[in-house]
Amino acid sequence: MKIGFELNGKAASLEIEPRETLAEVLRARCRLTGVKLSCEAQVCGSCTVLVDGLPVSACTYLAYEIRDKRVTTIEGLADPPGRLHPLQQAFLDHFAFQCGFCTPGMILAAKSLLDENVHVSDEEIIAYMSGNLCRCTGYLGILKAIRQASAEMKATWKENRSTS
Amino acid sequence: MTTLSRFEIDQPGSVAEASQMLGHYGDQAAIYAGGTELLLAMRHRALSYKHLIDLKVIPGLNAIKARDGVIEIGAACTHRTIESSSLVREMQPVFAELESQVANIRVRATGTLGGNLCFAEPHSDPATMLLVLGATVWIESARGTREIPIEKLIAGAYANHLAPGEILTRIVVPCGKSNHRAAYMKFQIHERPTLGLGLWLETLDGGRTFTAARVAVGCVSPFPHRAPVAEALLTGSRAEVEKHLPETAALIADGADLVDDHEGSAEYKRHLVDVFLRRTFLKAVGLRISS
């Protein structure tokens, strides 16, 4: 079947088989290998991508579901000139990764959280991120990075509001 | 990675059409909603279907409405829709809170309440609480509609009482009242909860006396169990109820068909029931939990 969708801000269309997962389509056909596969059981969060702004496990989510929806992968986060998203920069600043395998999923889940509510408490960050697992470096750097991005995004939000 | 076996996706225009499709394809077809459990089982070749009938494309099955003291939740509503619904948060906050703690955000954004109940995974949260809230479900087919209590839906581990061609279309949850006290707590150290305990109390005088009670425990046995015998001990003066909590917990455990599995022994689960009945009771009546 043919599906149309938006991929990282650009219109896209693909001929898919109903059984194809979103991870298979994104990795093998769109060459977006920032989508990582690990547990393949919706537990670890490595394969997190955003569909209409909400995180899904691309490993077990049919590509069929993205018809007429917006898909965001880690490749779509930086500005076109290459300026990193505040979350990407914050992850670098706080060294919030080691091997980096969980990082795309971590950043996308965090983006979904902050896009919904930039005024989050540590408790809310921890609860929301509890479904994304890191097996290298622990979670403190990740928490600090999300906290920093939240502060920056809050400042931008205020700036935009005062100038508009 | 194991690729899924080949199947078709069918898009019914109505529940009646979906039911006819089920009748037509028989064992070759399954209802497909969020797919969080179905697709996983298909990937592991535990289940195999040639047709998935997509319930989400049927108009109206993802709505939440209030009517005559109840909340009607469409079977295709995701856990995320329910946890964020101002209606559910206001009318039955304990259920909104439970939904906000189901699995992880990705499962909640995709998985549906209807799918969760029909799949009847033993380590699932919502059914246990719906038992004590007195929820019912609507079952529709080409032959008509019937409404049954949630107890009559779940048949066992991964088994429901739907007849061929029948589809769960809505979940009806009574609204909370100011004289109700309710709480759900779970214990989880693995991917899925080891125990979930739901408690509902009706009080006459701001919490000094309980006139009615319902309690259920899930995850510790093949399917969640209500404990009517134990419920009798949860009515009366608060002091008496609190004094009898250990006996009440023992009765809940006796009736729950506790199993030994990778989450722990039946004996261990009996201990958890005791700990969590007390914690859930204190949470329901609004006290801080120190242990």
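Report the residue count in segment B:155-178 for those that are exposed (fewer than 14 other Cβ atoms within 10 Å of the Cβ) and in a loop (DSSP other than H, G, I, E, B). Spell out the reasoning first.
Within segment B:155-178, the first condition is being exposed (fewer than 14 other Cβ atoms within 10 Å of the Cβ), and the residues that meet it are B:155-157, B:159, B:163-164, B:177-178.
If we keep only those that are in a loop (DSSP other than H, G, I, E, B) as well, we get B:157, B:163-164, B:177-178.
Count: 5.
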Give the residues of segment A:133-157 that are open to solvent by less than 60 Å² (accessible area, probe 1.4 Å) and in a loop (DSSP other than H, G, I, E, B), sorted by residue number.
A:Leu133, A:Cys134, A:Thr137, A:Gly138
Here are the criteria: (1) of a type in the set (A, V, I, L, M); (2) in contact (Cβ under 8 Å) with a residue 12 or more places away in the chain; (3) open to solvent by less than 50 Å² (accessible area, probe 1.4 Å). Tell me which single one B:Leu47 does not satisfy.
(3)
Selected residue (criterion: nearest to the other protein chains (Cβ to nearest Cβ)) from residues of segment A:42-70 that are farther than 25 Å from B:Ser48 by Cα and of a type in the set (Ser, Thr, Tyr):
A:Thr48
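Does A:Cys39 count as within 10 Å of chain B (Cβ to nearest Cβ), under 30 Å from B:His190 (Cβ atoms) and open to solvent by 40 Å² or more (accessible area, probe 1.4 Å)? Steps first, please.
Numbers: within 10 Å of chain B (Cβ to nearest Cβ): yes; under 30 Å from B:His190 (Cβ atoms): yes; open to solvent by 40 Å² or more (accessible area, probe 1.4 Å): yes.
Considered against the rule, which asks whether it is within 10 Å of chain B (Cβ to nearest Cβ), under 30 Å from B:His190 (Cβ atoms) and open to solvent by 40 Å² or more (accessible area, probe 1.4 Å), A:Cys39 comes out as yes.
Collect the residues in segment B:4-17 that are open to solvent by less than 60 Å² (accessible area, probe 1.4 Å) and within 14 Å of chain A (Cβ to nearest Cβ), keeping them in residue-number order.
Applying the first criterion (open to solvent by less than 60 Å² (accessible area, probe 1.4 Å)) to segment B:4-17 yields B:4-5, B:7, B:9-10, B:12-16.
Across segment B:4-17, the qualifying residues are B:Leu4, B:Ser5, B:Phe7, B:Ile9, B:Asp10.
Select from segment B:97-154 the residues that are among the charged types (D, E, K, R) and open to solvent by less than 30 Å² (accessible area, probe 1.4 Å) and write down the one among them that is nearest to the other protein chains (Cβ to nearest Cβ).
First, the residues of segment B:97-154 that are among the charged types (D, E, K, R): B:97, B:99, B:106, B:108, B:121, B:125, B:140, B:143, B:146-147, B:151-152.
Still in the list and also open to solvent by less than 30 Å² (accessible area, probe 1.4 Å): B:99, B:106, B:108, B:121, B:125.
Working: B:Glu99: 13, B:Arg106: 5, B:Arg108: 9, B:Glu121: 12, B:Asp125: 15 Å.
Checked segment B:97-154; the qualifying residue nearest to the other protein chains (Cβ to nearest Cβ) is B:Arg106.
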Does segment B:78-97 contain at least one residue that is touching a Ser or Thr at 6+ places or on another chain (Cβ under 7 Å), closer than 25 Å to A:Cys44 by Cβ and basic (Lys, Arg)?
no
Going through segment B:127-160 one residue at a time, which ones are touching a residue at least 40 places away in the same chain (Cβ under 8 Å) and closer than 17 Å to B:Val215 by Cβ?
B:Ala127, B:Thr128, B:Met129, B:Leu130, B:Leu131, B:Val132, B:Leu133, B:Gly134, B:Glu151, B:Ile154
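The values are calculated or read from the model by the stated rules, or taken from the named source; none is laboratory data. Treat the numbers as computed from the prediction; the structure is a model and nothing was measured. Please note: Cβ atoms are built from the backbone with ideal geometry, for glycine as well, and neighbour counts cover all protein chains shown. Protein only, heavy atoms only, side chains kept; ligands, DNA and RNA dropped before computing areas. Shrake-Rupley method; radii C 1.70, N 1.55, O 1.52, S 1.80 Å.
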